[in-house]
Amino acid sequence: MISQSLLNIVMLVEIALLALGVGVFFAHGVWLFFEEKRLSRLTKSARDSVARLITRGHINVEEMQVLQLLPNDVQVLAFLEISRNVSGSQKERLRFVARQIGVVDRARKLCESKRWARRLRGTRILSRLDVADPVVLQLLADPHPAVRAQAAEWAASQPSAPVISAMLTLLADPATQARFAVQNALLRMGGIVARPLAEFLESQSGRAAEAGLRVAESLAEPSFGPPALRLSRADDIGVRVAAAKLLGAVADAAAAQRLMELVGDDESRVRAAAAQSLGRMQHWQAGSTLAERLRDPTWRVRREAGLALRALGAPGALFLRRTPKSDDRFAADMAQQVLDLPTAAAG
């Protein structure tokens, strides 16, 4: 049997270990508390220094030296916080100060790291500072989707021909995160991407075409009409849906004619998108065609057809008021639902 004295020794050791663990835990908490206060104080000091450097009419060398002596992480945090609230000449001065104290050079080195988390951090810094650096352009083809997405955010403020070309290629990115970031960045670039995007769509299909059509819909330039017409005949259902929505945004005669055909597409999603676009265009000549879609076997198509008729104004309302007298219970029910909708809900 185990003696009582041995049990007591084991118990004392366990108590000592427990006390040591509690002590270490408490000491670590105290250290974190004071470290956080120290970093907060240093960050405020750095932020104040950066603010003074970019708002004064001249660069204070002593202020720069004080800022340069602060920990690198503190410098970066201060620059990132300030970058959210400045633009124009102040943003240029912010970049100048960041270059002078080494923030930009360190960010570039992070972008060249073998570890994706460091590349992501470097790209984020250069993106926030709007630094036009070819090293970030290369990261649009980075193996990690998070880095590609961050590089796409950087690209939004660098709308040069090489950047736009690389971004259009990324519309086929297999990673949803990166693909959505690219679409958002292209939209932020604005009308400057219209011509290259139209040319891009002329030769694309599949995922790239669908993503490009979504961007084009928001820009709604007349030059998107021809590629939208071509892609409205694609085999891919998602592409046809996106093309139908773009045709509604382009809203010319050729678009209206093609949408009248797409309302009879074999796929319900395409029929619904076509009906929605005809309503968006307020193409009153489509009244009878849309009224026929109130008898569609798919609820979503009937819904979009009814809302489109209401969007046509008086001609569409006439079709809607006639339909409740129809022998088709589903068509009559949808027409009545749309007629009963308040104006805000139907818009």
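The values are calculated or read from the model by the stated rules, or taken from the named source; none is laboratory data. Keep in mind that this is a model prediction, so the values were computed, not measured. Virtual Cβ from ideal backbone geometry, glycine too; neighbours counted across all protein chains shown. Heads up: the accessible areas ignore ligands, DNA and RNA and are worked out on the full protein's heavy atoms, side chains in. Shrake-Rupley method; radii C 1.70, N 1.55, O 1.52, S 1.80 Å.
Please determine, by comparing only the residues of region 212-236 that are part of a helix (DSSP H, G or I) and in contact with a Lys or Arg (Cβ under 6 Å, 6 or more places away or on another chain), which one is nearest to Ala255 (Cα to Cα).
So the residue we want is Leu229.
What is the residue count in region 159-174 for residues that are open to solvent by less than 20 Å² (accessible area, probe 1.4 Å) and assigned to a loop (DSSP other than H, G, I, E, B)?
Final tally of qualifying residues: 1.
Residue pairs, Cβ under 6 Å, 6 or more apart or interchain, first in region 293-310 and closer than 15 Å to Gly248 by Cβ, second of a type outside the set (Val, Ile, Thr) and part of a loop (DSSP other than H, G, I, E, B). List them.
Ala305/Leu294
Name, by its number, the condition in (1) open to solvent by 50 Å² or more (accessible area, probe 1.4 Å); (2) over 29 Å from the mean Cα position of the chain (by Cα); (3) charged (D, E, K, R); (4) over 23 Å from Ala317 (Cα atoms) that does not hold for Arg295.
Condition (4) is where Arg295 drops out.
With the requirement that a residue be buried (at least 23 other Cβ atoms within 10 Å of the Cβ) and more than 12 Å from Arg214 (Cα to Cα), what does region 179-188 give you?
Correct list: Ala181, Ala185.
Report the residue count in region 189-210 for those that are surrounded by fewer than 20 Cβ atoms within 10 Å (Cβ to Cβ) and either without any contact (Cβ under 8 Å) to a residue 12 or more places away in the chain or part of a helix (DSSP H, G or I) (or both).
The number of residues fulfilling the criteria is 10.
Look through Arg233, Arg240, Arg214 and report the one residue that is free of Cβ contacts under 8 Å to residues at least 24 places away in the same chain and either open to solvent by less than 70 Å² (accessible area, probe 1.4 Å) or not aliphatic (A, V, I, L, M) (or both).
Exactly one of Arg233, Arg240, Arg214 is free of Cβ contacts under 8 Å to residues at least 24 places away in the same chain and either open to solvent by less than 70 Å² (accessible area, probe 1.4 Å) or not aliphatic (A, V, I, L, M) (or both), namely Arg233.
Quick check on my filter: what residues within region 140-158 are assigned to a loop (DSSP other than H, G, I, E, B), modelled with pLDDT of 90 or more and open to solvent by 30 Å² or more (accessible area, probe 1.4 Å)?
Pro143, His144
For Ala253, state whether it is out of contact with any Lys or Arg (no Cβ under 8 Å at 6 or more places or on another chain) and either among the polar types (S, T, N, Q) or within 24 Å of Glu221 (Cβ to Cβ) (or both).
So Ala253 passes the test.
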